[in-house]
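A short worksheet on the structure shown next.
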Amino acid sequence: MFISENHKINPSETKIWLSSPTMHPESRVYMDEAFDTNWVSTVGRNIWECEVISAQKAEVNYAVALSSGTAALHLCVKLAGECLYGKPDIGKGAVEGRRVFCSDMTFDATLNPVVYEGGIPVFIDTDAATWNMDPVALEKAFEIYPDVKLVVMAHLYGFPGDIKKIREICDKHNVLIIEDAAESMGATIDGRQTGSFGDYAAISFNGNKILTGSMGGCLLTNSLEDANKARKWSTQSRENAPWYQHEEVGYNYRMSNIVAGIIRGQYPYLEEHIRQKKAVFERYREGLKGLPVTMNPIMAGAEPNYWLSCILIDNEAMCPQVRGDHDALYRAEHGKSCPTEILENLVKFNAEGRPIWKPMHLQPMYRNHPFITVDGNGRARTNAYIEGGVEDIGADIFNRGLCLPSDNKMTEEQQELVIEIIRGCFE
């Protein structure tokens, strides 16, 4: 593969990151405030401020500051389950033994909390037009499992899915929605923030997200009662008594005042980070013109936060590629490439890429769970029919897609190198 000598980057010295933290001086001020006042545990002003600004930015009434986005999703499932089915017996989960419709092409943190609470994930295939849960497949899934009362939907890579249509379907079936906005903080649909459409929602401040606290997340809700329940559960469900009184299972999920200080100092820069991420996306789209690839689809009316820029290689431009559970092989062909080849060449120049999320129905731990897709005639199809030639959209995107280095601090020269590497793979 030919790389121009115009690039001065020494791959042994400069890392081109997928998405790294971007820190600001305000975070240090708020952290120092926590140190100086000795409020370094799970109480303090930073936590309160973090909850207020998180709710305001997400356009909901309340936010509950927690240790991670996964913790937020777990308590979302617990709240939804108790709302639907009542409080379970000690030792049982809120959705024990019940099916829950879940996004298929996502990180497993989206749906693992369903399993924590004893639920059975049923995976809904991906919409090729958004790379998110397919509303058509969801509607068909209700024909097969009309008893389902909870949907967990994620917005992939900061590019919103059709949550308005999903909301409409769920309202028709009297179903609750948990909206996983961990990757889409600041993204909007018709001017409305993702995370505000669900009955419950979660955002993440993990180290590689659009805003970071090194860790942490928030549960979003419009119910004060539910917000207070989540706060109680997150501090081991301690009752209001002079001793440690416990009447239900609790968790050590509360955010620390130190982490909250970092997040508090990040929020003023959310729009700036989004602008920087969008500039990265636009440079890729311009620089990759003429190649047999497309980028993340953008739904009409949506404004993404552009967290990760991704490409999908055209079918006819794919060289042979085989993936197992832990490794992959490919055969190079002139004029063609595949995600494995591109990722291997990025690594040679110390650039970090990533495969698209492997769909959950293909994961070893979930392969026996139901999976719902739709054939070309609009008929629902389950796992048993996939081998018979029915298209599996999520598996196809996983096979042909990859995430590109998308760091908002990446220089134009670094991005030009990445573009040249990709172009070289198709020579």
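The values are calculated or read from the model by the stated rules, or taken from the named source; none is laboratory data. Nothing here was measured: the structure is a model prediction, and the numbers come from that model. Cβ placement follows ideal geometry from the backbone for every residue including glycine, while neighbour counts extend to all protein chains displayed.
Taking the conditions (1) outside any loop (DSSP other than H, G, I, E, B); (2) on the phi > 0 side of the Ramachandran plot in turn, LEU79 satisfies each one other than (2). Consider PHE159 carefully, then state whether it is aromatic (Phe, Trp, Tyr), under 16 Å from the mean Cα position of the chain (by Cα) and surrounded by fewer than 24 Cβ atoms within 10 Å (Cβ to Cβ). The answer is no for PHE159. Within the bounds of region 140-150, is there any residue that is over 30 Å from LYS277 (Cα atoms) and either buried (at least 24 other Cβ atoms within 10 Å of the Cβ) or among the small types (Gly, Ala, Ser) (or both)? Yes. Determine whether ARG323 is of a type in the set (Lys, Arg), under 19 Å from PHE107 (Cβ atoms) and in contact (Cβ under 8 Å) with a residue 12 or more places away in the chain. Taking the combined requirement at face value, the residue satisfies it. Do you know which residues across region 388-425 are in contact with a His (Cβ under 6 Å, 6 or more places away or on another chain) and in a helix (DSSP H, G or I)? Listed by number, the list holds a single entry, LEU417.
For ALA241, the stated conditions hold: it is among the hydrophobic types (A, V, I, L, M, F, W, C) and modelled with pLDDT under 95. Please work out if VAL249 is within 27 Å of the chain's Cα centre (by Cα) and of a type outside the set (Ser, Thr, Tyr). Considered against the rule, which asks whether it is within 27 Å of the chain's Cα centre (by Cα) and of a type outside the set (Ser, Thr, Tyr), VAL249 comes out as no. For ASP89, are the conditions met, namely being charged (D, E, K, R) and surrounded by fewer than 21 Cβ atoms within 10 Å (Cβ to Cβ)? So ASP89 passes the test. Of all residues in region 105-122, those that are more than 22 Å from LYS87 (Cβ to Cβ) have Cβ atoms under 9 Å from Cβ atoms of residues that are among the basic types (Lys, Arg) and assigned to a loop (DSSP other than H, G, I, E, B), 6 or more apart or on another chain, in MET105/LYS358.
Where residues in region 79-99 are closer than 20 Å to PHE142 by Cα and of a type in the set (Lys, Arg), which of them is nearest to the chain's Cα centre (by Cα)? Residue satisfying both the conditions and the ranking: ARG99. Based on this model, can you work out whether ASP327 counts as touching a Pro at 6+ places or on another chain (Cβ under 6 Å) and in the same structural domain as GLN414 (by TED's automatic domain parsing)? Judged against the criteria, ASP327 is not a match. Per the conditions (1) assigned to a loop (DSSP other than H, G, I, E, B); (2) in the same structural domain as GLU117 (by TED's automatic domain parsing), the sole criterion not satisfied by LYS289 is (2).
When region 54-69 is filtered for residues that are over 12 Å from PHE205 (Cβ atoms), in contact (Cβ under 8 Å) with a residue 40 or more places away in the chain and either β-branched (Val, Ile, Thr) or out of contact with any helix residue (DSSP H, G or I) (no Cβ under 7 Å at 6 or more places or on another chain) (or both), the ones remaining, listed by number, are ALA55, ALA58, GLU59, VAL60, VAL64. Taking the criterion of being surrounded by fewer than 18 Cβ atoms within 10 Å (Cβ to Cβ) and in a loop (DSSP other than H, G, I, E, B), the residues of region 22-51 that qualify are THR22, MET23, HIS24, ASN38, VAL40, SER41, VAL43. Within region 214-257, being surrounded by fewer than 21 Cβ atoms within 10 Å (Cβ to Cβ) and of a type in the set (Val, Ile, Thr) holds for THR235, VAL249.
The numbered conditions (1) loosely packed, with under 14 Cβ neighbours inside 10 Å; (2) more than 24 Å from the chain's Cα centre (by Cα); (3) of a type in the set (S, T, N, Q) are all true for ASN368 except (2). With respect to the stated conditions, MET318 fails to be in contact with a Ser or Thr (Cβ under 6 Å, 6 or more places away or on another chain) and surrounded by 17 or more Cβ atoms within 10 Å (Cβ to Cβ).
Residue-wise test of (1) over 20 Å from MET365 (Cβ atoms); (2) of a type in the set (S, T, N, Q); (3) under 23 Å from the mean Cα position of the chain (by Cα).
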position	(1), (2), (3)
SER41	yes, yes, no
ALA63	yes, no, yes
LEU75	yes, no, yes
PHE101	no, no, yes
ASN112	no, yes, yes
